[in-house]
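Readers should treat all values here as calculations from the given coordinates under stated rules, not as data from a laboratory. Small disclaimer: the values here were computed from a predicted structure and weren't measured. For neighbour counting, all protein chains shown are included, and Cβ atoms are generated from backbone atoms with ideal geometry for every residue, glycine included.
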Ligand code: C2E
Ligand code: MG
Ligand code: MG
């Protein structure tokens, strides 16, 4: 492990000023057709030695120091500007999902920050989804209900990330007006052998549909997983089968060159 004389929090602030962060986009795919419906915005740190640093290496500390507020805001603004352009150029129905940290979610200026991001980029609210984890919503349930309601009034959908790993509280699902459930990738296992995984996933999809929520499966890596998720009537998904998180240029190429269809075999497309 490389030792640095300057503490991480100082290097992070400097990286933001020096434009070393970049937003990568992972395709969110309509499972029945392979069409790219949108993308999840995922932050990367392009270190000045050229290496790419993944969020797990700096998000936890950014949370602790409060730097995450600036970082999340930067990602939100960048993703909104980008999708306003792609929406006009390629598909007006494209949407972008942006992760919000727990501190950003409960920040008093959250609604202003989101409103400004939409206004400055001219991205329609319907093209933005915000992802939060269950733990972020559990800090203060009354406050959470208020924030979700106000975001909903602005036309912004809220997605519950990593579903199944936390409390998976059914009363919360009922109480908060989420738009989407994202099934954590730890459940997207080997469906052919592990009966338990497939039962859990089918149950989550059925529950979500009964509550009129969209479902997204994370971490789809194999055709077998795709086939199972389609049969379970899961509408949207993301994973390495379709593409890893990629630079803006690469994502645009996928929209342009592949006609907005993720890498999905012809056989899979036809059998949909
Ligand atoms: P997440 O929001 O649950 O994002 C999904 C993670 O799963 C991403 O990791 C993605 O690259 C990875 N993934 C997607 N498909 C596959 C697959 O098929 N196989 C495998 N093994 N992994 C897959 P990533 O980009 O390293 O991000 C990790 C976490 O860091 C994210 O989890 C999110 O919690 C956080 N994060 C990323 N960007 C941001 C950001 O801008 N703001 C905040 N607050 N958190 C962020
Ligand atoms: Mg996410
Ligand atoms: Mg997740």
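Note on the range 12-270: semi-axes of the ellipsoid equivalent to its C-alpha gyration tensor, largest first and rounded to whole Å, are 27, 23, 18. Summary of the geometry: the range 19-55 and the range 152-188, compared by the centres of their Cα atoms, lie 21 Å apart. Can you sort 74, 86 by how many other beta carbons sit within 10 Å, fewest first? Listing 74, 86 from fewest to most nearby Cβ atoms yields 74, 86. Only helices enter the 222 nm calculation for the chain: every DSSP H run of n ≥ 4 contributes -39,500 (n - 2.57), and dividing by all residues gives -13000 deg cm²/dmol, rounded to 500. Approximating the spin labels as points 7 Å out from Cα along Cα→Cβ, the residue 257-to-residue 6 distance works out to 3.6 nm. Test of understanding: in a Gaussian network model of the chain with alpha carbons linked when under 10 Å, which of 225, 104, 150 would top the mean-square fluctuation ranking? Highest fluctuation among the options: 150.
Neighbour counts of other Cβ atoms within 10 Å put 261, 90 in the fewest-to-most order 90, 261. Segment residue 126..residue 63, full-extension length gain: 19.9 nm, with 0.36 nm per residue of separation and the alpha-carbon distance subtracted. Across the range 59-166, the volume of the C-alpha convex hull divided among the residues equals 100 Å³ per residue.
Beta bridges per DSSP, both residues in the range 1-117: antiparallel share near 75 percent.
Looking at the range 12-270, the DSSP beta bridges with both ends there are about 40 percent antiparallel. When the chain is treated as a GNM with alpha-carbon contacts under 10 Å, the residue of 53, 36, 204 showing the greatest mean-square fluctuation is 53.
In the chain, Cα pairs under 8 Å separated by at least six residues give a relative contact order of 20 percent. Taking the chain as a Gaussian network of alpha-carbon nodes connected by springs under 10 Å, the highest mean-square fluctuation of the residues 241, 118, 52 belongs to 52. When 25, 172 are arranged by Cβ crowding within 10 Å, least crowded first, meaning fewest neighbours, the order is 172, 25.
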